[in-house]
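Shown next, in structure tokens, is the structure this report addresses.
The values are calculated or read from the model by the stated rules, or taken from the named source; none is laboratory data. Values in this document were obtained by computation on a predicted structure and should not be read as measured data. No Cβ is skipped: glycine too gets one built from the backbone with ideal geometry, and neighbour counts run over all protein chains shown. SASA here: full protein model, heavy atoms, side chains in, ligands and nucleic acids out. Shrake-Rupley method; radii C 1.70, N 1.55, O 1.52, S 1.80 Å.
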Amino acid sequence: MNLAESFKASDLLVKALEAEGVPYVFGVPGEENLDFVESLRKSHIKLIVTRHEQTGGFMAATVGRLTGTAGVALSTLGPGATNLTTASAYAFLGAFPMLIITGQKPVLKSKQGAFQIVDSTVMFQPITKWAKQIVHGGLVPSLLREAMRRANEERPGSVHLELPEDVARERVAQEDAMIFEPQKVRRPIAEQKAVAKLVELLQSARAPLLVVGAGANRKMTCKMLRRFVDQTNIPFVDTMMGKGVIDSRHPAWMGTTALSASDYSHEIIRHSDLIVLIGHDVVEKPPFIMSVSSTKKVVHLNYFTAQVDQVMWSHLEVIGDIANTMWQLSEVITEAPPSWDLRYFKYVKEQMLADFEVDTGLDCFPIAMPRLVKSVRAAVPDHDSIVCLDNGLYKVWFAREYPCYAPNSLLLDNALATMGAGVPSAMAAKLVKPEAHVFAIVGDGGFLMNGAQELLTAIQHDLHITILVINDNAYGMIRWKQAGMSLQDFGLELRNPNFQMLAEAYGAVPHKVTSVDDLDEVLKKCASVKAVHVVEIPVDYSASERSLQMSQLKEHLAKTLKSPAQVMENDPKQNAAQPKHSLDAQLSGEGGGSKGGDLDQVRAQINGDDGTKPPAATTEGEGTGATLSDIEKDTKDPDSTPYFMPQAAERVKQ
């Protein structure tokens, strides 16, 4: 083979990654990756070397989560690959697009026997969408494109490619070295009869409710969903991973399902007679638990069919591009139907917010969690801020009471729910959104899993992030569960290091909150001074324990809330005749709505018979990283996305 007319396989792999728009590769290289690392050296792709492979995986998954294009993690064979399995499961369950590249000994001839060899492709198969060994250099471009396609398309997740050492340095003939460019793929839209049935259910419902899940966190979906909620003022709750899809300040927001039962949001769910799950996936901890004796209808609206689970199932499935389905609904149902009665929803929300206000007024020390949630919200700007949560009891408090004003402004994991992801997520978020104020909220246990050693990584790359270490000297979440089961307090206490000295040793700026009055000033300083800040915050979960133990919550709600009959007796019905209540109208003090249409008009519009251009279906790689500015830009720029394929033009009929 003429070397001048051939390419090294590792160079081809990097060229293919460049064609995909990959900006970073995260991880810990090994001997078997050295050809690939050399190819990266000659590329504009930046190699971020972390102190543990798991960190690199969490960072890659977060890049995928924020951009919609798979982030890339790198490790060597054997122990390096096994260290990436938790991060792979994190991305696989959480639906974050990620590509894992691992090395391997030469496949044709090796002088080291079985040293360090683990069958990585078999190991990754249960925790990825797709795992493949590259057995020939000529297959590199096509396998890389296929891996990225699978990682990015709905439902997103992790994929794995194994690159053996001898394949990486193999020479590939020019005719086999074609780079495959990414192609936008228009998703199928929902079947017309299914949409018509959903319209029928919504128009005849008494107390409809939307449950907004993580799958709704797509740019165009956010816009179309907000449009429908603005027009109809239909109540919605969000799941933990759906927070921020619609601004929590919206009048129709009814809370977050931070628990699976016995909270204010579940009282709203109990009262509803129609629940539309938008982008929900059963891999996320159930937002509520269904009963076979219930008469309420549940609709699954998603890109893929519903999984039947013993605690959650659906009566109608509307499968297809979510944004398009929401657009169809907003074209037909332009205001709240006369049958809707939302008075009890409004009442429960008022009681919930009043209860939250009592919680945030707790001025004890060590700090009560509701007080910390309030202080963090005040410390970060309304826009361009990202709070990344690790896993612990504090996650439930932030999910329940932290108001989200924009998509992806609160990153948490309610799928694998692993510890150790908070600091890596914050570092990746700062790389993707350098202008954002980024906070990581981590427990004392999680910080020592994947946080402390990565302070060096954050400092090396000059990242301005603030890490709040929630210190209760215990594995607090499990201790809380232990107490809820009336078991003795045993086996969950921790002996922690001096966090200020630890942070200072790594070169970070240390802080320790010593009083409630000190809290807000420290957070304000961290947000304004560029550095890697580590703030130790002693907390006392028991100061507000009543608010989260389900048995106590249930008793509290029974004493606090009136029955629906009592509320409606004292509140004359005022519903359909009211003007629309969009968030923009609320913030500006204005109201108003838009003239609607019917199903035939929708069909005419999609066919172009009325002279208008239909909105676009979302495409592969469109991204989970919708921000408020992205949504506003898409709204103002009708040409920012492609329009439907002609075969998708057939629309809903009554």
* To the nearest 20 debye, what charge dipole does segment 1-102 have about its Cα centre, counting +1 at the Cβ of each Lys and Arg and -1 at the Cβ of each Asp and Glu? -> 320
* Asked: So what is the calculated 222 nm ellipticity per residue for the chain, using -39500 (n - 2.57) for each DSSP H run with n of 4 or more, over all residues, to the nearest 500 deg cm²/dmol?
  -> -11000 deg cm²/dmol
* Roughly speaking, what is the centre-to-centre gap between segment 236-304 and segment 359-376 when only Cα atoms are used, to the nearest Å? -> 27
* Asked: Can you pull the Kirkwood radius for segment 250-292, inverse mean 1/r over Cα pairs, to one decimal in Å?
  -> 11.4
* To do: Just tell me which lysines come within less than 27 Å, Cα to Cα, of K524; anything on the same chain fewer than 8 places away is out.
  => K243, K374, K395, K430, K433, K512
* To do: Answer rounded, prolate or oblate for segment 211-262, using the Cα gyration tensor with square roots of eigenvalues a ≥ b ≥ c: rounded when a/c is under 1.5, else prolate when a/b is larger than b/c, else oblate.
  => oblate
* Reduced Cα scattering model of segment 256-326, Debye log10 I(q)/I(0), q = 0.22, 0.26, 0.28 Å⁻¹ -> -1.03, -1.33, -1.44
* Structure fact -> Taking placed amide H atoms and a strict 5 Å upper bound, the residues 5 or more places from V534 or on another chain that come that close are I467, V509, H511
* Å³ per residue of the Cα convex hull, for segment 222-342? -> 107
* Got a sec? Charge dipole of segment 396-525, +1 on Cβ for Lys and Arg, -1 for Asp and Glu; which of G451, L502, A406 is way out at the positive end? -> A406
* **Extension gain from H461 to V282, taking 0.36 nm per residue of separation minus the Cα-Cα distance** => 60.7 nm
* Positive-end residue of L210, L143, G157, charge dipole of segment 130-232 with Cβ unit charges -> L210
* Might you report the magnitude of the Cβ-based charge dipole of the chain about its Cα centre, with Lys and Arg at +1 and Asp and Glu at -1, to the nearest 20 debye? => 600
* To do: Report, as a whole number in µm² per second, the diffusion coefficient that Stokes-Einstein gives for segment 12-94 at 10 °C and 1.306 mPa s using the Kirkwood radius over alpha carbon pairs.
  => 125
* Lys and Arg at +1, Asp and Glu at -1: add these up for the other residues within a Cβ distance under 12 Å of L201 and post the number. => +2
* Accessible area in square angstrom per residue, the chain, 1.4 angstrom probe -> 40
* Cα principal axis extents for segment 28-181, largest first, Å -> 39, 36, 28
* Starting with the highest mean, order 506-514, 445-453 by the number of other Cβ atoms within 10 Å, averaged over the residues of each peptide. => 445-453, 506-514
* Taking H placed 1.01 Å from N in the peptide plane, check which residues at least 5 places from E317 or on another chain put their amide H under 5 Å from its amide H. => H300
* Asked: To the nearest 20 debye, what charge dipole does segment 49-165 have about its Cα centre, counting +1 at the Cβ of each Lys and Arg and -1 at the Cβ of each Asp and Glu?
  -> 80
* Quick one: work out Rg over Rh on the C-alpha atoms of segment 483-574, Rh as Kirkwood radius. => 1.22
* Structure fact -> Calc'd 3J(HN,Hα), segment 452-469, phi into Karplus 6.51 cos²θ - 1.76 cosθ + 1.60 (θ = phi - 60°), Hz, glycine/Pro = x, comes to 4, 5, 7, 4, 4, 5, 5, 5, 4, 9, 6, 9, 8, 9, 10, 10, 9, 9
* To one decimal place, what Kirkwood hydrodynamic radius in Å is obtained for segment 332-474 from all pairs of distinct Cα atoms? -> 16.8
* From the backbone phi of segment 293-302, what are the Karplus-calculated ³J(HN,Hα) couplings (6.51 cos²θ - 1.76 cosθ + 1.60, θ = phi - 60°) in whole Hz, Gly and Pro given as x? -> 8, 6, 9, 5, 9, 10, 10, 9, 10, 7
* Asked: Size of segment 331-387 along its principal axes in angstrom, Cα-based, largest extent first?
  -> 51, 29, 11
* Search the structure for amide H atoms under 5 Å from the amide H of Q133, placed 1.01 Å from N in the peptide plane, and list their residues when 5 or more places away or on another chain. => E162
* Integer Hz, Karplus 6.51/-1.76/1.60 couplings in order for segment 100-107, x for Gly and Pro -> 9, 10, 10, x, 7, 4, x, 8
* Carbon and sulfur atoms: what percent of the 1.4 Å accessible area of segment 1-123 do they account for? -> 56
* Burial order of peptide ranges 54-63, 156-165, 406-415 (average beta-carbon count within 10 Å, highest first) -> 54-63, 156-165, 406-415
* Using the scaling law 2.2 N^0.38 Å as the reference, what is the normalised Cα Rg of segment 154-236? -> 1.91
* Overall Cα dimensions of the chain, principal axis frame, Å, largest first -> 84, 67, 45
* Structure fact -> Carbon and sulfur atoms account, in whole percent of the 1.4 Å probe accessible area of segment 209-252, for 48
* Leaving out ligands, DNA and RNA, what percent of the accessible area of segment 298-383 is carbon and sulfur, probe 1.4 Å? -> 54
* **Per-peptide average of other Cβ atoms within 10 Å, ordering 197-207, 349-359, 142-152 highest first** => 142-152, 197-207, 349-359
* Pick out, from S88, A440, P287, the residue whose Cα sits farthest towards the positive end of the charge dipole of the chain, with +1 on the Cβ of Lys and Arg and -1 on the Cβ of Asp and Glu. => P287
* Structure fact -> Log entry: pair-distance distribution for segment 424-488, C-alpha pairs binned every 10 Å from zero, whole % per bin is 21, 40, 23, 13, 4
